[in-house]
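Student: Quick one: the structure is below, and I'll ask about it shortly.
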Amino acid sequence: MQIILVIIYLILTLSGLVLMKKGGNPGELAFENGTMNFGISLISLAGLVCYLCSFLLFTRIVVMFDLSYIMPICTGIVQVLTLVFSKIIFNEEISRTGIIGASLVIIGILVMNWKQN
């Protein structure tokens, strides 16, 4: 069950980031005639909701795992997958140093989980 929650967290986090980027609207705050208006595109709003849900879920995940274990793993996976999705979805360029950095993150995750007898 714990691993399923982590997977849902990763999906929500990445969905939130992708949708906010796709929406292209971080939200506009305006004051008109003594009224406050906040405008945001539906895609950006969906991203914001996904990201908020991922944050709330992560607060639960932090309680379930050792913080020194789960934080680097989740953060590393999000960083690497964000790099991959930025290339696939937005056709962004990935530099050589970006690939090296992502590789080091993956190696770090593997080393953290290496079980020694």
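Student: In square nanometres, what is the average projected area of the Cα convex hull of segment 1-51? Provide the component values of the computation, followed by the final result.
Tutor: Details: hull surface 16.2 nm².
Computing the convex hull of the Cα atoms and averaging its projections yields 4.0 nm².
Student: Ok, one more. Pop a pseudo-label 7 angstrom from the Cα along the beta-carbon direction at both L104 and S68 and give the gap in nm to one decimal.
Tutor: 2.2 nm
Student: Then there's this: For a footprinting-style exposure proxy, rank T13, T97 by other Cβ within 10 Å, fewest first. Let's see the in-between values first.
Tutor: Numbers: T13 23, T97 8.
Listed from fewest to most nearby Cβ atoms, that is T97, T13.
Student: With an 8 Å cut-off on Cα pairs and a minimum separation of 6 or more residues, tell me the relative contact order of segment 2-112 in percent.
Tutor: Dividing the mean separation by the residue count of segment 2-112 yields 27 percent.
Student: Tell me the mean residue ellipticity at 222 nm calculated for the chain from its helices only (DSSP H runs of n ≥ 4, each -39500 (n - 2.57), averaged over every residue, nearest 500).
Tutor: -25500 deg cm²/dmol
Student: How long are the semi-axes of the equivalent ellipsoid of segment 24-65, defined as square roots of 5 times the Cα gyration tensor eigenvalues? Whole Å, largest first.
Tutor: 31, 12, 6
Student: Moving to a separate point now. Using a 10 angstrom cutoff on alpha carbons, build the Gaussian network for the chain and name the most mobile of F85, F38, F58.
Tutor: Evaluated over the chain, the most mobile residue of the options is F38.
Student: Give the residue list of trypsin sites (Lys or Arg not before Pro) in segment 14-117 that are DSSP loop and have at most 16 other beta-carbon atoms within 10 angstrom.
Tutor: K115
Student: Give me the number: length gained by fully extending K87 to T59, i.e. 0.36 nm times residue separation minus the C-alpha to C-alpha distance, one decimal in nm.
Tutor: Working: separation 28, 0.36 × 28 = 10.08 nm, distance 2.92 nm.
Here the answer is 7.2 nm.
Student: Now a separate question. Top mean-square fluctuation among M71, M20, M36, Gaussian network model of the chain, C-alpha springs under 10 Å?
Tutor: M36
Student: If you don't mind, another one. Per the Kirkwood treatment, what hydrodynamic radius in Å, one decimal, follows for segment 4-117 from the mean inverse distance over all distinct Cα pairs? Spell out each step's value before the answer.
Tutor: Numbers: mean 1/r = 0.0622 Å⁻¹.
Radius from the Kirkwood sum: 16.1 Å.
Rule-based calculations on the coordinates, nothing more; no lab input. Just so you know, these numbers come straight off a predicted model, no measurement behind them. Cβ sites come from the backbone with ideal geometry, for glycine too, and all protein chains shown count toward neighbours.
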